[in-house]
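Encoded as C-alpha cells, the structure appears first; notes follow it.
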Amino acid sequence: MFELLNETLFEKHMAEYLAGSKMYNQRTPKDFNIQKLVDSDMLLQFLREQPIWQKLINQGFADEQDALNIVIETINTKINRGESLLSLLKNGFMLQGRRIRLAAFKPEMTLDDDADHLYQKNIFSVVRQMKYSTLGFDKENELDLCILLNGLPIITLELKNEATGQTVVNAMHQYQTNRHPQNRMLRTCLVHFAMDNNRVMMTTQLAGDNTRFLPFNKETVNPQVEGDYPTCYMWKEVLQADSLLNLIQHFIKRITPKKGEPFYIFPRYHQLRCVRNIISDVREKGVGQTYLVQHSAGSGKTKSMSWLAFQLANLQNVDNTPVFDSVIMITDRIVLDRNIADEIKGMEEVAGTVKDIRKGSRNLAKALAEGGHRIIISTEQKFSFALPKLKEAAGSHFAVIIDEAHTAFGKQASHNVRQVLTDKNELRETVEEFGIESREAENNMQDQMLAELQAARSINSGHISYFAFTATPKSQTFALYGRNGKAFDTYSMKQAIEEGFILDVLKNYTTFQTMFELVSKVDLPEDTPEYEKQNALRLMMQYVNQHPYVINYKANMMVDYFMQHSAQKMKGQAKAIVVTSSRANAILFHQAITRRLKEKYNGEIKALVAFSGEVEINGNKYTEEKINGFGIKDNGIAVEFKQ
C-alpha cells in the first residue's frame, strides 16, 4: 500500500471507510459545539425516532428547538455534576416524566420490534481534525479523528504513519504532553486510541505524563493484510457501529475507586475477541459445549471471566427464555480470591444478579434452589458439602466458569460438582455404556476423573457448558476442556512478556540440582512387590523434598538471597513468594523461613503463610490464623502482605 503510506491519507482512508459503513456518516468540526459537547443536528435526528419525542414537545415546550435546548442543557448539567456519559448513553434520563434515550442497544428479546427499530436508528459520526477546546494551551489543537454517537463524543484517535517517521509512540506522547487531561471533552469520552499503521494503544484516563496506555493489538506485531494496513481491524471491526454499541452495552464499565477519580475500563483486544467468540459459539451451538481459554498471566483474566459471566447470564433463547438458569463461577481455592469476587460485584448493575457464596455450603444450596441469582460465585469444595441439598437442581442449564482450570476439577470435589449438576442415573448409564471402570478398580484417579467428565459430556441432555480459564493448561486440561486438543482462545505468555505485562522469569532463572542417595539396610523378603518406576520415583522425591534437612537448606538459601540482594529494592518494599507442592509443605517451609529470619536477621521482616482449611502435621493442627496471628486469614493475608 505504498500509495497510502502518508499520515493524511491514512486518516482519510480510515474516515472514508467508516463513513460508508452501516449507521455511520461523516461530519465536520463546525457541526460540533465544543461548549455543549454535542452535534445538535445528529442528536435531534435520533430524538425524532423516539415515540415520546413529539409527546414531550406538546407537553410543555414552545417548539422542537426549545425541547432540544432543554435536553442538551440537561445532558451538560448531569455531566458537570459528575454523571458519566456511559451512564447517560445506557440509561438515558427522565424529563417531565418521560425517559429520553441517548442511545439504543440491541434487544436481548427477539419480540421487541420497537427497540430493534430504534437500535437501527443510532447515528455514528466520524469527524476529522476535530477541535475540542476553547480554553488553555490546547485551544487551537485538533484531534485527528473523533467518533460521535447520536451527536455525543465517545472516542478520540491520534494517528501516525511509520512511513513519515512517526509511530504510535509519538501519538501517545501527543496525548501525554499536548492534550490537557482536565479538558472537559477529553474527560467525557470513553476511550482514546493512539495508533499507527502497525500498532494500536489505548487509554481511558488522561493524566499527563502519567497516562498509562494499554496495547490493543491482535498480536505483538499485527499481521500484514493484503491491500490494507495491519491495523485495519480497527475500522473494519472494532469501530463498526454494532461493535461499539456492544462495547458500550456489555464491556465498558465505570469504576469508582476508594481513592482517586472514577475511570473507565475498556477491554484489550484479546479480551474482546475471546468473550465475543464464546458468546457467538454458544448462540450457534447451544448448551453443552466446553471452552478452554489459555490466557497468560498479565492477560486480565479476571476481567475476561467477569465480562463473560454477565453476558452468559443475559443470553436468551429464541423463545426469550434464558439460555442458562445460573452461571456458576468456581475456583479451586477454599478462600475465593477476593479479586475475582470484587471484580464481579463491581460490574453488577442490577442488584441481586450476583450471589457471592464465601461461607457456608448451605448458602450455596439455597442460592441454586431459590433462583433469581443469575451469577453464583463459589468454590469447588462447597459443592461436595452442599451435595445433599443440590440434587433438586440437577437437570437445569448451567454455565460453569472455572478459574485456574489446570488445578480446578482435579480433586474429589470435582467428581461431586459433576454429580450435582448431572442426573446420577444418566451419568451411571453413560459410564457403563462407554465401558469405564469403577473408581475402586482404577489406579490413576486423574484418568478416572477424565473418564467421568467425558461421560458427563456425552449425555444427550447437554445441560452444562464449561468455560475453563488457565494460563498453564496440562495435557489433562486440554483433554477435558479443549477442542481437538486445542484452546478455544489463546493469549500467549510470549505476547504478555513482549507487551510488558509480565517479566520473562527465565532471564533470571537459576536451577539447582538435587543429589541424594537412599540406602536401605533391611533385608527384604523375596516376595516383596515391585512398584511402577514412575510412581516409585515420585514417592522417593516426595520423601526427599519433605525431609527436614532439605527444607531447612532451601529455606536458608532463599532467605539469605532475599535479605542480601532483594530486600532493599523497590524503596525497601520488595517482597518474595515461595510456592510449595502442598499445604503441609507450605507450613514446614514457613516454619523454616521464620526460624532463619529470627536466628540470623533478628526478625527484621515477617513471613506469612496462606493455605486452605486445616492441616494436621505430626498430630498438630494448623490454620492460617493460628500461624499468622489473630485476624490474619483469608483476605486479611493479602492486606497484611501489602503492608
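The values are calculated or read from the model by the stated rules, or taken from the named source; none is laboratory data. Note that this is a predicted model, so its numbers are computed, not measured. Cβ placement follows ideal geometry from the backbone for every residue including glycine, while neighbour counts extend to all protein chains displayed. For the accessible areas, the whole protein counts, side chains as well, though only heavy atoms, and no ligand, DNA or RNA atoms are used. Shrake-Rupley method; radii C 1.70, N 1.55, O 1.52, S 1.80 Å.
If you scan segment 585-614, which residues turn out to be in contact with a strand residue (DSSP E or B) (Cβ under 9 Å, 6 or more places away or on another chain) and at pLDDT 90 or above? Let's see the steps before the verdict.
So in segment 585-614, the residues in contact with a strand residue (DSSP E or B) (Cβ under 9 Å, 6 or more places away or on another chain) come out as 586-588, 609, 611-612, 614.
Listed by number, the residues that qualify are Ala586, Ile587, Leu588, Val609.
Report yes if Tyr549 is hydroxyl-bearing (Ser, Thr, Tyr) and open to solvent by 70 Å² or more (accessible area, probe 1.4 Å), otherwise no. Steps first, please.
Working: hydroxyl-bearing (Ser, Thr, Tyr): yes; open to solvent by 70 Å² or more (accessible area, probe 1.4 Å): yes.
So Tyr549 fits the description; yes.
Looking at (1) at pLDDT below 95; (2) over 36 Å from the mean Cα position of the chain (by Cα); (3) surrounded by 14 or more Cβ atoms within 10 Å (Cβ to Cβ), which is the only condition Phe10 fails?
(2)
Output the residues belonging to segment 594-615 that are more than 18 Å from Ile632 (Cα to Cα) and not in a loop (DSSP other than H, G, I, E, B).
Arg595, Arg596, Leu597, Lys598, Glu599, Lys600, Tyr601
Within segment 310-328, identify whether any single residue is open to solvent by less than 30 Å² (accessible area, probe 1.4 Å) and within 15 Å of Thr470 (Cα to Cα), and answer yes or no.
No.
Tell me, yes or no, whether segment 150-163 has at least one residue that is open to solvent by 10 Å² or more (accessible area, probe 1.4 Å) and assigned to a helix (DSSP H, G or I).
Yes - at least one qualifying residue is present in segment 150-163.
When both residues are 6+ apart or on different chains and their Cβ atoms are under 8 Å apart, which pairs have a first residue that lies in segment 298-320 and is touching a residue at least 60 places away in the same chain (Cβ under 8 Å) and farther than 30 Å from Val505 by Cβ, and a second that is of a type in the set (A, V, I, L, M, F, W, C) and open to solvent by 30 Å² or more (accessible area, probe 1.4 Å)?
Close Cβ pairs satisfying both conditions: Gln316/Met109; Asn320/Met109; Asn320/Leu111.
Just one of Thr490, Thr472, Thr477 is open to solvent by less than 40 Å² (accessible area, probe 1.4 Å), among the polar types (S, T, N, Q) and modelled with pLDDT of 75 or more; which is it?
Residue meeting the stated conditions: Thr477.
Residues that are in contact (Cβ under 8 Å) with a residue 12 or more places away in the chain and closer than 28 Å to Lys131 by Cβ, at least 2 per element: which helices (runs of 4 or more DSSP H) completely within segment 1-113 meet that?
Filter on segment 1-113 gives 7-19, 40-47, 64-80, 85-91.
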